[in-house]
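Here's the structure we're looking at; comments come further down.
The values are calculated or read from the model by the stated rules, or taken from the named source; none is laboratory data. Since this is a predicted model, take the numbers as computed values, not measurements. Here Cβ is always computed from backbone atoms with ideal geometry, including for glycine, and neighbour counts include all displayed protein chains. Quick note on the areas: whole protein, heavy atoms, side chains included, nothing else; ligands and nucleic acids left out. Shrake-Rupley method; radii C 1.70, N 1.55, O 1.52, S 1.80 Å.
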Amino acid sequence: MRIGEPAARTGATPRQVRFYEAKGLITSTREPNNYRDYSETTLGRVQQIRELLGAGLSTEVIRAILPCMESPPATRSSSTASSPKR
């Protein structure tokens, strides 16, 4: 999707989306005509960035924590869970 769509769908402006990309918070690919092309996953990431910026975090801190936020939480398998011993 081109830059206007993630901007409109997240409440950001195209300028903000370009800023997030310049800061290394999101990425895009380039179409043959050199337009930016963003994936669907960019929508969630832009929304997270906006919320974190709204909470007062800097772009440097956000860049550091976003990879951690993408990983699914660790789950314990039934083989590692122990039942209370009597």
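For this structure, a couple of remarks:
- Ordering of 13-21, 55-63, 27-35 by packing is 13-21, 55-63, 27-35, highest average first (other Cβ atoms within 10 Å, averaged per residue).
- Segment 6-47 - percent of accessible surface contributed by carbon and sulfur, probe 1.4 Å: 50 percent
- Difference of contour (0.36 nm per residue) and Cα-Cα distance, E40 to I65: 7.0 nm
- Once the C-beta distance of L57 and E31 is scaled by a Förster radius of 30 Å, the resulting FRET efficiency is 0.40 to the nearest 0.05.
- Lys/Arg +1, Asp/Glu -1 at C-beta; segment 9-72 dipole; positive extreme among T29, G56, P14: P14
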